[in-house]
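The block underneath contains the structure these notes are about, expressed in structure tokens.
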Amino acid sequence: MSGKPRLHYFNGRGRMEPIRWLLAAAGVEFEESYLEKKEDLTKLQKVPMVEIDGMKLVQTRAIANYIATKYNLYGKDMKERALIDMYVEGLFDLNELLMKYGYLPADKKEEHFANMMDKAENRYFPVFEKVLKDHGKDFLVGNQLSRADVQLLEIILMAEECKPDTLAKFPLLQSFKARISNIPPIKKFLQPGSQRKPLIREEEVPKVIKIFY
Amino acid sequence: MSTKPKLYYFDGRGKMESIRWLLAAAGVEFEEEFLETRDQYEKLLQGGSLLFQQVPMVEIDGMKMVQTRAILSYIAAKYNLYGKDLKERALIDMYVGGTDDLMGFILMFPFLSAEDKEKQRALIIQKATSRYFPVYEQVLKDHGQDFLVGNNFSWADVHLLEAILMVEEKKSDVLSGFPQLQAFKARISSIPAIKKFLEPGSQRKPVPDDKYVETVRRVLCMYYDVKAN
């Protein structure tokens, strides 16, 4: 029996991708079972689901909180945790916007794109640029790698897929991106052949919608 | 100088209500500043108090915390309502995630058109009785204990009670198929701090009305049509 966590989701990013990033950043090997059809979903009741340490965890946040705590990516005390939670929750909101884009019909895409990039560049990125500027350290919280850094990198890369020059006005985020990408387990995750999932392709969208709706 | 937490939000439930419940359950007194005008909101924004330009915001322990989930987690941990170890914490997170999803269907209810309200009411009841309540009913049945996790009062219990009462406001007999939840509701409601919060004159907010909707729209300049999820 494998002691590795096993992820249950469809073979794509969706809500499971932040979990994959977190496990990868922690250097934890994991296995995956992919949903192919609606019947797989109803059997499981709810996804994302992760089998880990004898539990079947659901609820993205519950899973991420558990992994982050277990692998020391959640700060050293309550106040650091509070900061990390604030940053992560903000990034979660932005992630929802970015994630939705791929699934919208063509006539809704343009307006959504404008809104999500506006939020990214005027609401979220300025906050993190300022955090880095104010303390001048390498990591967002407590001068050590945490889930906030991992999540921010993930979001930056997703935003760049939509708009390659999105970080043009954010020099500190640019160096942050380079720095965090170079951390060995993250660098490995960014290479081809890792379990990182690609952006959903337009032709796959109907299949995914069928599984979930 | 007061060291009580201070809540910044509208004079109504919205996303702040779960925070009010948790502070009350922890027996923590708190102050509130209600947003009535756009000016107040802009002042908060310009003062840099709202990290992502949003409320809820809670001043607590020298921090200006935003993001409902972050605030709730902090309060739960501080006041020992978050389980005794990592595994209990995971269970609490899972259960709270579920009740959060359920209350999410109710959150935008006041903003919907009359027609959409009817549909949404039916959806709320359907989700509550077929997806969410059965899970908590089973949890209580399986371990036979008074509280959801670790035989100890936790955030999960407070959140579930809040969710039950909110759904009952949409259909008063919604717990009729759930004997464990009925007993749970009675039990948790009679915990002194909670009982006090349920009495008139507490800081618990009433069912949102048109005045609340108007205030939110005015303060946030949120004049678009809200659609059900």
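Would the range A:111-153 count as rounded, prolate or oblate if I go by the C-alpha gyration tensor, calling it rounded below 1.5 in a/c and otherwise prolate when a/b exceeds b/c, oblate otherwise? Because a/c hits 1.5 or more and a/b fails to exceed b/c, the range A:111-153 counts as oblate. A 1.4 Å probe run over chain A, with the rest of the protein chains in place, finds 49 Å² accessible per residue.
With a cut-off of at most 14 other beta carbons within 10 Å, and DSSP calling the residue loop, which trypsin sites (Lys or Arg not before Pro) in the range A:106-167 qualify? Please list them. Mind dumping the intermediate values first?
Values: sites: A:LYS108, A:LYS109, A:LYS119, A:ARG123, A:LYS130, A:LYS133, A:LYS137, A:ARG147; in loops: A:LYS137.
Here the sparse-neighbourhood loop sites are A:LYS137.
For chain B, the mean residue ellipticity at 222 nm estimated from helices alone is -16000 deg cm²/dmol, where every DSSP H run of n ≥ 4 contributes -39500 (n - 2.57) and the total is divided by all residues, rounded to the nearest 500. Each Cα pair under 8 Å and six or more residues apart adds its separation to the average, and for the range B:1-73 the resulting relative contact order is 40 percent. Using only the C-alpha atoms, the convex hull of chain A corresponds to 126 Å³ per residue. In summary, the lysines within cross-link reach of A:LYS70, defined as a Cα separation below 26 angstrom excluding same-chain residues under 8 places away, comprise A:LYS4, A:LYS46, A:LYS56, A:LYS79, A:LYS137, A:LYS177, A:LYS187, A:LYS188, A:LYS197, B:LYS78, B:LYS84, B:LYS87. Per-atom-type breakdown for the range A:104-213 gives carbon and sulfur 55% of the accessible area (1.4 Å probe, protein chains only). Computed from phi, the 3J(HN,Hα) profile of the range B:9-18 under the Karplus parametrisation 6.51, -1.76, 1.60 (θ = phi - 60°) reads 6, 6, 7, x, 5, x, 7, 7, 4, 4 Hz, with x in place of Gly and Pro.
Under the definition of partner shielding as Cβ atoms of other protein chains within 10 Å of a residue Cβ, what is the mean value for peptide A:86-93?
Details: counts 12, 4, 3, 9, 6, 1, 2, 3.
That average works out to 5.
What accessible area, summed over both chains, is buried at the B-A interface (1.4 Å probe, Å², nearest 100)? Let's see the in-between values first.
Details: alone 11780 and 11550 Å², together 20950 Å².
Approximately 2400 Å² gets buried when B meets A.
Can you tell me what percent of all Cα-Cα pairs in the range B:1-154 are more than 23 Å apart? Of all Cα-Cα pairs in the range B:1-154, 49 percent lie more than 23 Å apart. Among the GluC sites (Glu not before Pro) in the range B:30-83, those located in a DSSP loop and surrounded by at most 13 other Cβ atoms within 10 Å of their own Cβ are B:GLU36.
Show me the GluC sites (Glu not before Pro) within the range B:137-199 that DSSP assigns to loop and that have at most 14 other Cβ atoms within 10 Å of their Cβ.
On the way: sites: B:GLU137, B:GLU162, B:GLU168, B:GLU169; in loops: B:GLU169.
The qualifying sites are B:GLU169.
Projected over all directions and averaged, the alpha-carbon convex hull of the range B:86-190 occupies 6.5 nm². Using all C-alpha to C-alpha distances in the protein assembly as shown, build P(r) with 20 Å bins and read off the rounded percent in each one. Bins of 20 Å from zero give 23, 60, 17, 0 percent of pairs.
At 0.36 nm per residue, minus the direct Cα-Cα distance, what do A:GLU111 and A:ILE211 gain on full extension? Give it in nm, one decimal, please. Can you show the working numbers first?
On the way: separation 100, 0.36 × 100 = 36.00 nm, distance 2.62 nm.
Value of the extension gain: 33.4 nm.
The values are calculated or read from the model by the stated rules, or taken from the named source; none is laboratory data. Quick caveat, the model's predicted, so the values are computed rather than measured. Methodologically, a virtual Cβ is constructed for each residue, glycine included, from the backbone with ideal geometry; neighbour enumeration extends over all protein chains shown. For accessibility, only protein heavy atoms count, side chains too; no ligands or nucleic acids. Shrake-Rupley method; radii C 1.70, N 1.55, O 1.52, S 1.80 Å.
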